[in-house]
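Only one structure is covered here, and it is reproduced in the block below.
The values are calculated or read from the model by the stated rules, or taken from the named source; none is laboratory data. Just so it is clear, the structure is predicted and the values come from calculations on it, not from any experiment. For neighbour counting, all protein chains shown are included, and Cβ atoms are generated from backbone atoms with ideal geometry for every residue, glycine included. Side chains included, ligands, DNA and RNA excluded: accessible areas come from the protein's heavy atoms. Shrake-Rupley method; radii C 1.70, N 1.55, O 1.52, S 1.80 Å.
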Amino acid sequence: MGLATPIAILVAANVAARRGILIRDGQALEKSGRLTAVVFDKTGTLTEGRVAVAAHEDLRPESERREPLLALAARLAAPSNHPLSRAIAHHAATAPGERSPDPTAQAIAFAAPAWEQWEEVAGKGVAARAGGQVFRLGSLSWLAECGLQPALRSKFADNWADKGATVLGVAVDWSWVGLVALRDTLKPAAAGVVRRLEAAGLRCHLVTGDHPRTAAAVAQAAGIPAERVRAGITPTGKADFVAALQARGERVAFVGDGINDAPALEQADLGVAVARASDVAREAADLILLRSDIEAIPQALGLAQAALRTIKQNLFWAFFYNAAAVPLAALGFLSPVVCAAAMGLSDLLVIGNALRLRRHR
C-alpha cells in the first residue's frame, strides 16, 4: 500500500522526462489526468513564435514622411521584449530597403535617441513622449481607446487580419501614421494536436490579445470552433477566462509561453509552458515542455491518465491483498512463511504494474 502511488508517479515522471516533459510534482501529474478543457495562447504556442513583418502601409502624406514608418515603429518597439516589438525592431535593423535614402532621416531612425518618457501597456502596446508629442505603437483597438480620430477603416488591416496576421497601428498625438502587419506561422502539428485532444474528450479554446479576425483565421486553421475563441483579451483577461471556465465546473489546462501568460498559468488547474517559454511562465507552470513540438501535450496528458489508472490498480490490489490475507493469517490458515512470500510477491506486483508505464505509447 505504501508503494502503490509513489512508484507509479516516479515511473511516469521518469518516462515523461525522457520524452522532454518536465513534471513539477506528483500533484501536477494527478491534475493532468482529470482535465476537461485546454486553453491555448496563440503566439509561440499554436504558432511558431517567429513573428516577421509581412507588410506595412504609411498613412501620411508624402510631404510628411521624413522618417520611414518602420524606422519610427522600430524606435518605439526597441525597449520592449514583446515578440511583436522584437520582430519590428529586427526587421528595421536588417532590411536596408526600408531605410530612407536621406542620411538625416537614417540618423533619426537608427541612432535611436532616448525618449523623454517611454512605457509599455501590457497586452496593448507602447507609448513614448518626445518633443512635446506622444508616439504610440499598438493594437488598433487600444489606439481607438486612446481617442485617435477619425476611427480607422482600412482594407489593408482587414485583408491582413483575414490572413491571420496581427496588425499594429502607429500614431503621433491624435493622428494615424501607419499600419504594420506581422505574420506568424501555425505550427505543423497544431491541427493534429487539437484533433487528438478533442478526440480524448477535451474541449480546446483559443485566447489571444490579437484582433478577432486574426484569431478566427488561426483558430480555423488549427481546428478550434469559432465559439471557443476569445480575442482582444488582456493578460488578466486570460486568467479571468480560465476562472470563468472553472466556475462552470471545467478542469482547465492553460498552455502558454510568455510573461503575459503567467496569471493564466497560475489560475489554471494545470499550467503548461511550451519550449522557449519565459522564466516567469516556467515558474508558474506545472508541466514544462522542453521540445518545440506541441505534440508533447497530448502525450503528457495521456501518460498522466495512464499513471492514474496504474495508481488505482495498485491500490485495488494492495487493499484486496490485505483485506483477504490478513484475516486468513490471523485465523491461522496461512503459515508465516506463506505470508512473508505473499508480501514480497505483492510488492513485486505493484512495482511491475508501475513499470508497465515505461512502454506507454
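Some observations on this one:
- Total residues in region 261-276, condition more than 18 Å from LEU206 (Cα to Cα) and either aliphatic (A, V, I, L, M) or more than 11 Å from the chain's Cα centre (by Cα) (or both): 1
- The sole residue among ALA247, ALA318, ALA323, ALA284 that is of a type in the set (Gly, Ala, Ser) and within 28 Å of GLY192 (Cβ to Cβ) is ALA284.
- Hey, GLY201 at positive phi, open to solvent by 10 Å² or more (accessible area, probe 1.4 Å) and not in a strand (DSSP E or B) or not: yes
- Filter result (open to solvent by 30 Å² or more (accessible area, probe 1.4 Å), modelled with pLDDT under 90 and either more than 17 Å from the chain's Cα centre (by Cα) or of a type in the set (A, V, I, L, M) (or both)) within region 184-198: LEU186
- The set of residues from region 324-337 being within 55 Å of the chain's Cα centre (by Cα) and open to solvent by 70 Å² or more (accessible area, probe 1.4 Å) comprises just one member, VAL326.
- Within region 128-142, being within 26 Å of the chain's Cα centre (by Cα) and either acidic (Asp, Glu) or buried (at least 21 other Cβ atoms within 10 Å of the Cβ) (or both) holds for LEU137, GLY138, SER139, LEU140, TRP142.
- Residue count, region 177-206 (criterion: over 21 Å from ALA52 (Cα atoms) and in contact (Cβ under 8 Å) with a residue 24 or more places away in the chain): 15
- Within region 338-361, tally of residues that are buried (at least 16 other Cβ atoms within 10 Å of the Cβ) and more than 14 Å from ASN322 (Cβ to Cβ): 4
- Filter pass, GLY164 being in a loop (DSSP other than H, G, I, E, B) and either closer than 24 Å to THR208 by Cβ or open to solvent by less than 60 Å² (accessible area, probe 1.4 Å) (or both): yes
- Meets criteria (in contact with a Gly (Cβ under 8 Å, 6 or more places away or on another chain), among the charged types (D, E, K, R), free of Cβ contacts under 8 Å to residues at least 40 places away in the same chain and at negative phi) for GLU145: no
- Taken over region 38-81, the criterion of being without any contact (Cβ under 8 Å) to a residue 40 or more places away in the chain and touching a helix residue (DSSP H, G or I) at 6+ places or on another chain (Cβ under 6 Å) is satisfied by ALA71, ALA74, ALA78.
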